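The values are calculated or read from the model by the stated rules, or taken from the named source; none is laboratory data. Because the structure is predicted, anything quoted here is derived from the model rather than measured. For neighbour counting, all protein chains shown are included, and Cβ atoms are generated from backbone atoms with ideal geometry for every residue, glycine included. Heads up: the accessible areas ignore ligands, DNA and RNA and are worked out on the full protein's heavy atoms, side chains in. Shrake-Rupley method; radii C 1.70, N 1.55, O 1.52, S 1.80 Å.
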Amino acid sequence: MKVGKNKEKEGWGQGGDILFGARSYANFELSIDWKIEPKGNSGIFYYVVEYQDKPIYYAAPEVQVLDNWNASDNKLTNHLAGSLYDILPALPQNAKPAGEWNTIVIRVKDGKATHTQNGVKVVEYELWTSEWQELVSKSKFKDWPGFKEGPAKEGYIGLQDHGYDCWFRNIKIRKL
């Protein structure tokens, strides 16, 4: 699946974010391969709840997809590929350059979440805790109602069309 600038080709993104699948998930493991064009920026969201007139990132955590070397959003470590966007950095930072395939595995079980990028666990956190609220309070989401309330305990998976060419393949999800 490709999302991005060229909307005329069948199967490409349609200029907006894409909800993946016909069902929502609470406890899950999502494995997805991604690659991005030079300077590209995109994201993978989970626990997406559809709020009228609100984008999918209104209350859903985002796992960043980024060209770490050339994208304009590469100034903060918690904005780099694999990070919990604007909240926790992916460490060690092991994303491959633009045009190369990366694999991210997002696992959420009873509020405990991990991001494993290219075979290495790079982020670990627990949702709906006082520690989570503290992390959010130090992020750009601190005044966003959807984040103040906390992410939903179940929701859809979302792939972001942020205006750059981005490819996703080998999308696998399983309930835990």
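Result for the chain in a Gaussian network model with C-alpha springs under 10 Å: among Thr129, Thr116, Thr77, the largest mean-square fluctuation is at Thr129. Label separation (Thr114 vs Glu154): 2.5 nm, computed from points 7 Å beyond Cα along the C-beta direction. At an R0 of 22 angstrom, the distance between the Cβ atoms of Ser130 and Lys75 translates into a FRET efficiency of 0.15. If you take the square roots of the eigenvalues of the alpha-carbon gyration tensor of the chain and sort them as a ≥ b ≥ c, do you get rounded (a/c under 1.5), prolate (a/b over b/c) or oblate? Rounded is the answer for the chain, as its axis ratio a/c remains below 1.5. Taking the empirical scaling 2.2 N^0.38 Å for compact globular proteins as reference, region 78-153 has a Cα radius of gyration ratio of 1.15.
Averaged per residue, what accessible area in Å² does region 24-176 show with a 1.4 Å probe, protein chains only?
Details: 7020 Å² over 153 residues.
Solvent-accessible surface per residue comes out at 46 Å².
Model label sites at Trp144 and Asn94, defined 7 Å from Cα along the beta-carbon direction, differ in position by 2.7 nm.
The value of relative contact order for region 64-121, using C-alpha pairs under 8 Å at least six residues apart, is 23 percent.
Comparing Gln133, Gln117, Gln64 in a Gaussian network model of the chain, where Cα atoms under 10 Å apart are tied by springs, the biggest mean-square fluctuation is seen for Gln133. Under 14 Å from a label point 7 Å along Cα→Cβ of Trp101: give me every residue in region 137-176 with its amide N that close. In region 137-176, the label zone of Trp101 (backbone N under 14 Å from the point 7 Å along Cα→Cβ) covers 167-172. Taking only the C-alpha atoms of region 30-104, Rg followed by Dmax gives 12.4, 37 Å.
For the chain, the carbon plus sulfur part of the accessible surface works out to 49%, probe radius 1.4 Å. For the chain, a Gaussian network of Cα nodes joined below 10 Å ranks Lys112, Lys54, Lys153 by mean-square fluctuation, and the top entry is Lys54. What whole-number distance in Å separates the alpha-carbon centres of region 85-110 and region 26-46? Computed from Cα coordinates, the inter-centre distance equals 8 Å.
With the simple model of a label 7 Å out from the Cα in the direction of the Cβ, Ala26 to Leu176 spans 1.4 nm.
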